1. What about Leu72, is it out of contact with any Asp or Glu (no Cβ under 9 Å at 6 or more places or on another chain), surrounded by fewer than 10 Cβ atoms within 10 Å (Cβ to Cβ) and over 27 Å from Val12 (Cβ atoms)?
2. Gly94: open to solvent by less than 70 Å² (accessible area, probe 1.4 Å) and touching a Phe, Trp or Tyr at 6+ places or on another chain (Cβ under 7 Å), yes or no?
3. Output the residues belonging to region 98-140 that are more than 20 Å from the chain's Cα centre (by Cα), surrounded by 13 or more Cβ atoms within 10 Å (Cβ to Cβ) and under 17 Å from Val88 (Cα atoms).
4. If you check every pair at least six apart or on different chains, which have Cβ atoms under 6 Å apart with a residue in region 102-128 that is without any contact (Cβ under 8 Å) to a residue 60 or more places away in the chain first and a residue that is in a helix (DSSP H, G or I) and exposed (fewer than 13 other Cβ atoms within 10 Å of the Cβ) second?
5. State yes or no: is Gly78 under 25 Å from Leu129 (Cβ atoms) and either at pLDDT 85 or above or open to solvent by 100 Å² or more (accessible area, probe 1.4 Å) (or both)?
6. Which residues, counting only those in region 1-28, are open to solvent by less than 70 Å² (accessible area, probe 1.4 Å) and at pLDDT 60 or above?
7. When the residues of region 49-69 are narrowed to those that are more than 21 Å from Gly89 (Cβ to Cβ) and not β-branched (Val, Ile, Thr), which ends up most open to solvent (accessible area, probe 1.4 Å)?
8. What residue, among those in region 30-44 that are part of a helix (DSSP H, G or I) and open to solvent by 100 Å² or more (accessible area, probe 1.4 Å), is farthest from Leu91 (Cα to Cα)?
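The values are calculated or read from the model by the stated rules, or taken from the named source; none is laboratory data. Owing to the predicted nature of the structure, the values given are computational and were not obtained by experimental measurement. Virtual Cβ from ideal backbone geometry, glycine too; neighbours counted across all protein chains shown. Heads up: the accessible areas ignore ligands, DNA and RNA and are worked out on the full protein's heavy atoms, side chains in. Shrake-Rupley method; radii C 1.70, N 1.55, O 1.52, S 1.80 Å.
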Amino acid sequence: MGLLVAATFLAVAKIGAQRTAPGTDESPDRYAAVVGALRDVAQKPVVWAVAFVAIAVGMGGVALLAVGDFGLPEGLSGSLLGVAYAAVGLLVTGFVFLGAYFATRGRGLGNAHGVAAGSFAAGLVFLVLIAVQLLVGVVG
């Protein structure tokens, strides 16, 4: 936790040091160039389609290896099934986070409000998972 706090402090200090007053024109640095390039890539529907197909095929392959009889050791099959469950959980949580984030941003609020709403929504997903685990025992 200490390393996480230190890394967060350093990242915030570095980002804060790069900010300039609005209206001042400086040459774009490497950070701005990378962010611009990633924004251009993320706005193309082809990238989203290819990513969806890759995730779907990857998840299908992992699930097939986990439950199929391909000569894998029994411990590896159980681990692959755990990886599949974790990946689905991360995808659902990411969907909930980004949905809350973009819904908040679409209503005219800032980035901080979007991150707060997304974090709150993702926290609710984890709380529901914990409650279901305690009541029903679906994991493990």
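1. On the way: out of contact with any Asp or Glu (no Cβ under 9 Å at 6 or more places or on another chain): yes; surrounded by fewer than 10 Cβ atoms within 10 Å (Cβ to Cβ): no; over 27 Å from Val12 (Cβ atoms): yes.
The answer is no for Leu72.
2. Numbers: open to solvent by less than 70 Å² (accessible area, probe 1.4 Å): yes; touching a Phe, Trp or Tyr at 6+ places or on another chain (Cβ under 7 Å): no.
Against the criterion (open to solvent by less than 70 Å² (accessible area, probe 1.4 Å) and touching a Phe, Trp or Tyr at 6+ places or on another chain (Cβ under 7 Å)), Gly94 does not qualify.
3. Narrowing region 98-140 to residues more than 20 Å from the chain's Cα centre (by Cα): 107-109, 131-140.
Next, only the ones that are surrounded by 13 or more Cβ atoms within 10 Å (Cβ to Cβ) stay: 109.
Answer for region 98-140, where residues must be more than 20 Å from the chain's Cα centre (by Cα), surrounded by 13 or more Cβ atoms within 10 Å (Cβ to Cβ) and under 17 Å from Val88 (Cα atoms): there is none.
4. none
5. no
6. Within region 1-28, Gly2, Ala6, Ala7, Ala11, Ala13 qualify.
7. Step one: of region 49-69, the residues more than 21 Å from Gly89 (Cβ to Cβ) are 49-50, 68-69.
Checking the rest, the ones that are also not β-branched (Val, Ile, Thr) come to 49, 68-69.
Working: Ala49: 54, Gly68: 27, Asp69: 150 Å².
Only one residue tops the list, namely Asp69.
8. Taking region 30-44 first, the residues part of a helix (DSSP H, G or I) are 30-42.
Then keep just the ones that are open to solvent by 100 Å² or more (accessible area, probe 1.4 Å); that gives 30-31, 38-39.
On the way: Arg30: 30, Tyr31: 27, Leu38: 20, Arg39: 21 Å.
This residue is Arg30.
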